[in-house]
1. Percentage of Cα-Cα pair distances in region 316-441 greater than 21 Å, rounded to whole percent?
2. State the answer as a single residue: which of GLY255, THR535, GLN686 lies farthest towards the positive end of the charge dipole of the chain, with beta carbon charges of +1 for Lys and Arg and -1 for Asp and Glu, about the Cα centre.
3. Of the cross-linked pairs LYS592/LYS765; LYS199/LYS295; LYS590/LYS782; LYS88/LYS181; LYS592/LYS778; LYS384/LYS485, which ones have a Cα-Cα span greater than 27 Å in the structure shown?
4. From the list (i) 31; (ii) 56; (iii) 47, can you say which value of percent of Cα pairs over 46 Å apart was derived from the structure given?
5. When the expected Rg is taken as 2.2 N^0.38 Å, what fraction or multiple of it is the alpha-carbon Rg of region 435-480?
6. Out of residues 5 or more away from ARG762 or on other chains, whose amide H comes under 5 Å of its own, with H placed 1.01 Å from N in the peptide plane?
7. Residue by residue, what Karplus-based ³J(HN,Hα) values in Hz, rounded to whole numbers, does region 278-284 have, using 6.51, -1.76 and 1.60 with θ = phi - 60° and x for Gly and Pro?
8. Using only Cα atoms, figure out Rg for region 514-616 and give it as a multiple of 2.2 N^0.38 Å.
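The values are calculated or read from the model by the stated rules, or taken from the named source; none is laboratory data. Being a predicted model, the structure only gives us computed values, none of them experimental. Reconstructed Cβ throughout: ideal geometry from the backbone, glycine too, with neighbour counts over all protein chains shown. What goes into the accessible areas is simple: the full protein's heavy atoms, side chains included, and nothing from ligands, DNA or RNA. Shrake-Rupley method; radii C 1.70, N 1.55, O 1.52, S 1.80 Å.
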Amino acid sequence: MNKLNSRVLNFSHKATQFKHKELAHLIHSIVDSTQSKFQANLLLNDLSKSGRLDEARQLFDKMPSRDEFSWNTMIAAYANSGRLNEAKQLFDAIPSKTPITWSSLISGYCRNECESEAFVLFWQMQLEGHRPSQYTLGSVLRLCSTLVLLQSGELVHGYVIKTQFDTNAFVVTGLVDMYAKCKRISEAEYLFETLPDRKNHVLWTVMLTGYSQNGDGFKAMKCFRDMRAEGVESNQFTFPSILTASALILANSFGAQVHGCIVQSGFGANVFVQSALVDMYVKCGDHNSAKKALKSMEVDDVVSWNSMIVGCVRQGFTEEALSLFKEMRSRELKIDHFTYPSVLNSLAALKDMKNAMVIHCLIVKTGFEVYQLVGNALVDMYAKQGNIDCALEVFKHMSDKDVISWTSLVTGYAHNGSHEKALRLFCEMRTAGIYPDQFVIASVLIACAELTVLEFGQQIHANFIKSGLQASLSVDNSFVTMYAKCGCIEDANRVFDSMQVQNVITWTALIVGYAQNGRGKESLKFYNQMIATGTQPDFITFIGLLFACSHAGLLEKGQYYFESMNRVYGIQPGPEHYACMIDLLGRSGKLKEAEALVNQMVVEPDGTVWKALLSACRVHGNIELGERAATNLFKMEPLNAVPYVQLSNMYSAAARWEDAARIRRLMKSKGILKEPGCSWIEMNSQMHTFMSEDRSHSRTAEIYSKIDEIMMLIKEAGYVADMNFALHDMEKEGKELGLAYHSEKLAVAFGLLTTPPGAPIRIFKNLRVCGDCHNAMKYISKVFLRHIILRDSNCFHHFKEGNCSCDDYW
């Protein structure tokens with residue numbers, strides 16, 4: 001017998017080393033032994049703990065006599081390994097169930113997140129007269145924490161109070177964790193503070209982690225200080241939590257103090273703690289300390305290296321991020337699907353398409369292209385580099401697309417000027433059952449604003465409100481911009497007023513919006529309000545501000561704001577600002593001053609500057625200066641038709657027909673094509689496009705009949721055709737007809753035919769509206785009692801009761 005006992009005890013230390021035949025022989029020897037139960041239970045326990053469940057079950061089945069320990073050991077082994085069906089079968093077959101039996105199976109269900117089965121057993125256990133132990137309650141509370149089951153957790157809490165477990169540190173720790181994970185930090189805090197004995201380091205760590213996970217870094221810091229004051233030791237779980245909290249509120253100095261505590265406590269070599277240190281320093285922007293922490297690690301940890309690469313990308317050290325990636329490969333670190341997205345972000349920032357292709361090949365070679373995270377990063381990287389075709393190919397081959405996948409491509413289309421494709425893809429996304437988030441909404445609104453599709457933008461707005469998505473500054477700014485660019489400045493203002501927080505982008509969108517809608521003086525009022533709130537203007541704010549002054553004819557104000565850019569705010573004016581000032585001087589008839597400003601520019605004049613000067617020359621008929629501006633544009637933008645067309649029009653307006661023909665011949669010889677003027681109007685979510693003298697529309701006869709009616713009525717009201725805008729050498733009648741059939745007049749005729757009486761008419765044009773059409777629209781608005789909103793390539797014109805919002809400068 002002693003010999004057998006020795007063999008059993010020896011096996012208990014070397015269970016995993018026995019071969020199947022030797023084990024079978026040992027089981028047979030134990031079963032035949034007269035004192036088999038003790039040895040069998042000992043062997044059964046060791047087999048279960050070493051994971052050899054099939055051999056354990058073989059022994060269990062051959063045991064002539066099984067006691068409570070035998071049954072509970074086997075049930076616990078199956079439950080802990082996830083073989084729940086077999087555990088349940090034994091549970092149902094056991095002659096007599098004890099609290100340990102119930103707890104073993106409940107623990108298995110909780111560990112495998114089987115909510116309904118765990119709670120059915122938990123309540124059934126009580127109905128059969130068994131009182132759950134602290135360990136049973138701990139398992140159930142962990143399930144509630146993991147699955148965020150607040151209501152179930154509250155029921156368990158009620159039972160805890162009823163059974164007087166509410167002073168048990170183990171159970172209360174589970175309750176604190178449950179409430180913290182369920183975002184009920186005040187309840188967790190109350191339980192923590194009312195527990196008499198708080199010397200348990202696990203309890204403190206759970207409370208500290210709860211503060212950190214709920215975004216309250218300051219309370220986490222206080223909790224850590226109190227923990228040390230109480231003499232409770234921190235461990236490898238406490239330190240990462242407080243480091244996470246430090247990173248949350250960018251408390252770098254506090255994090256450095258925690259680093260000192262880590263070294264003193266002997267956890268400086270713990271990989272988990274070291275990784276948290278690197279992450280904390282990275283998120284606090286302490287790049288050098290992060291590098292030191294990474295280099296001091298005795299064991300290379302891919303998580304730490306990933307954190308370092310992410311930090312480099314966020315701080316703009318994109319080349320260093322790529323260098324770290326190369327070093328990871330040289331160290332043969334196991335690169336994972338979290339590494340590649342950061343590397344791809346670096347390549348996108350560097351616009352490095354060559355290396356992007358290399359990394360893409362490496363991703364395919366290593367099989368990481370199947371990961372959704374990596375696929376999304378590839379789509380985003382290609383889209384940010386303007387390679388939409390490659391982005392689309394990656395997107396098409398992704399087997400599992402989420403909202404980020406769709407957002408990356410929609411945003412790519414929007415930011416690369418393919419606005420129609422962005423809207424189509426968004427519609428496909430909704431058809432696929434993907435619910436949009438704030439990021440894709442903001443991108444779609446950019447497309448709506450650029451295409452001026454008001455109805456679509458309004459639908460997006462309505463669906464956004466209906467969805468219950470939380471408002472964000474980015475989305476609200478996009479709504480302001482969309483409404484302003486679609487000519488609905490009052491709606492833009494309503495969105496602005498509803499926002500709880502505004503930033504410089506919000507104010508700038510409204511300032512530019514009012515300026516573009518012909519309400520420059522109100523635009524300046526908003527600028528003054530912005531300054532009063534303490535918001536500092538930026539580069540783009542001054543573009544909007546100077547544009548407002550230009551279109552409102554506010555010369556002195558414009559000069560004041562232009563000078564204040566560098567003097568007050570330290571912003572160096574760019575070509576865009578100079579272009580606005582030249583436009584302002586030109587509209588004020590001060591062409592000499594405009595020319596002098598061009599000569600005094602501290603930056604090299606670009607195309608926008610010369611275009612502004614050329615436009616001013618055209619308005620005032622200064623052909624000599626206009627020729628100089630056009631000549632510069634011919635050199636800078638040789639394939640741009642605009643300077644050729646404008647110079648030709650200036651010659652035509654001055655009846656210099658031969659010079660006008662010469663410019664047109666020059667265009668033709670260079671293969672330069674003039675962009676044809678077109679106007680469009682949205683009706684019932686469909687776009688109707690018109691070109692000058694266009695007869696392709698299905699309702700052409702009605703439209704031209706309406707044109708005849710319009711021209712007759714506005715002439716009676718005092719309209720006279722402006723022949724300066726009839727740029728072809730022909731008789732007067734032919735010129736008048738040519739003017740009558742301009743695209744914007746055809747569009748307004750269609751609008752009068754298809755909209756209810758009194759409804760506003762919204763028209764959009766790709767080029768600037770000509771002076772004759774501008775004058776005609778004023779008469780049409782008066783005769784037909786309509787509000788006509790016309791957006792051309794320069795700004796909005798609101799025609800109402802015979803006036804235009806831009807009458808100050810026309």
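1. That fraction is 38 percent.
2. So the residue furthest toward the plus end is GLY255.
3. LYS592/LYS765; LYS199/LYS295; LYS590/LYS782; LYS88/LYS181; LYS592/LYS778
4. So the structure-derived entry is (iii).
5. Relative to the rule-of-thumb radius for its length, region 435-480 sits at 1.01.
6. Sorted by chain and number, the residues that satisfy this are ILE789.
7. My calculation for region 278-284 gives 4, 4, 5, 4, 4, 5, 7 Hz in order.
8. Here the answer is 1.01, to two decimals.
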